[in-house]
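Structure first, commentary second.
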Amino acid sequence: MSVLIAVSGATASGKSTFSRALCKAIGDLDPVLVVQDRYFRDFHDVPEPERKAAVTSNHPMAVLWDDLVDHLGILKQGGTVTVPVEGTRFKARGGELEVIGPSDVVIVEGHLLFTDPRVVELADLSLFIDANVHERVVRRLLRDTSSGKTSLEGATTWYRRDVIPNVSRYSEPGRTIADMIIPWDEENGTAVTAVAEWLRGRQ
């Protein structure tokens with residue numbers, strides 16, 4: 001059976017950066033990385049006049065949990081899965097699907113992971129990536145505006161509408177569920193090494 005590591009934390013805390021660093025540190029083990037954001041609903045089922053108000057990426061209802069949990073279970077059993085394309089508008093955007101697995105090490109990362117107890121139960125190790133809230137806000141706004149597709153005003157409006165009401169309710173409580181809390185105001189190579197060594201001890 002494969003080892004499953006679940007990496008969560010509030011938006012812009014450093015989950016993706018940590019997960020990529022861990023994958024690099026254990027590259028010889030050929031890990032697979034599952035990204036929760038690929039399992040967002042596209043809200044196509046919501047009537048168009050109501051869709052704009054309904055779309056969220058920070059509330060648990062945004063995630064196709066049954067699909068995600070099913071895929072994690074298959075990967076943990078050493079199987080292969082086809083994951084969807086990232087984003088809340090998959091049907092409208094189209095895009096290519098990706099096949100991943102099998103692997104002895106499965107890493108799943110996402111800011112809402114610990115809101116579903118099935119994910120926590122499947123995980124052999126649960127990690128919460130923690131960063132100062134002011135640092136997270138700066139990272140998030142820089143990330144959202146760097147592509148030029150969203151203005152600072154647009155990014156700020158979304159942050160106020162979707163992130164602020166949800167992050168403290170759904171993402172931040174994950175620190176009480178995790179096996180380990182990893183500070184990530186700056187990249188924490190020591191933590192990456194420690195988790196990599198724990199993994200190697202499981203092989």
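The values are calculated or read from the model by the stated rules, or taken from the named source; none is laboratory data. Keep in mind it's a predicted model, so treat the numbers as computed, not measured. Heads up, the Cβs are rebuilt from the backbone with ideal geometry, glycines too, and the neighbour counts pull from every protein chain shown. Surface areas here come from the heavy atoms of the whole protein model, side chains and all, with no ligands, DNA or RNA. Shrake-Rupley method; radii C 1.70, N 1.55, O 1.52, S 1.80 Å.
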* Kindly indicate whether LEU68 is among the hydrophobic types (A, V, I, L, M, F, W, C), touching a Ser or Thr at 6+ places or on another chain (Cβ under 7 Å) and part of a helix (DSSP H, G or I). => no
* Structure fact -> Looking across the stretch 32-65 at residues that are among the polar types (S, T, N, Q) and in contact with a Ser or Thr (Cβ under 7 Å, 6 or more places away or on another chain), the single one that is surrounded by the fewest Cβ atoms within 10 Å (Cβ to Cβ) is SER57
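Checking the structure you have, find out if any residue of the stretch 4-27 is part of a helix (DSSP H, G or I) and farther than 18 Å from ALA191 by Cβ.
no
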* Asked: Do you know which residues across the stretch 170-188 are part of a loop (DSSP other than H, G, I, E, B), open to solvent by 50 Å² or more (accessible area, probe 1.4 Å) and either touching a helix residue (DSSP H, G or I) at 6+ places or on another chain (Cβ under 8 Å) or on the phi > 0 side of the Ramachandran plot (or both)?
  -> ILE177, ASP185, GLU187
* To do: Please list, ordered by first then second residue, the pairs with beta carbon atoms under 7 Å, 6 or more apart or interchain, first in the stretch 97-119 and closer than 16 Å to SER2 by Cβ, second open to solvent by 80 Å² or more (accessible area, probe 1.4 Å).
  => SER103/ASP30; ASP104/GLN203
* Inspect the stretch 71-86 for any residue being open to solvent by 60 Å² or more (accessible area, probe 1.4 Å) and touching a residue at least 60 places away in the same chain (Cβ under 8 Å) and give the result as yes or no. => yes
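Residue by residue through the stretch 28-63, note down the ones that are part of a loop (DSSP other than H, G, I, E, B) and touching a residue at least 12 places away in the same chain (Cβ under 8 Å).
The answer is ASP30, PRO31, ARG41, ASP42, PHE43, HIS44, VAL55, THR56, SER57, ASN58, HIS59.
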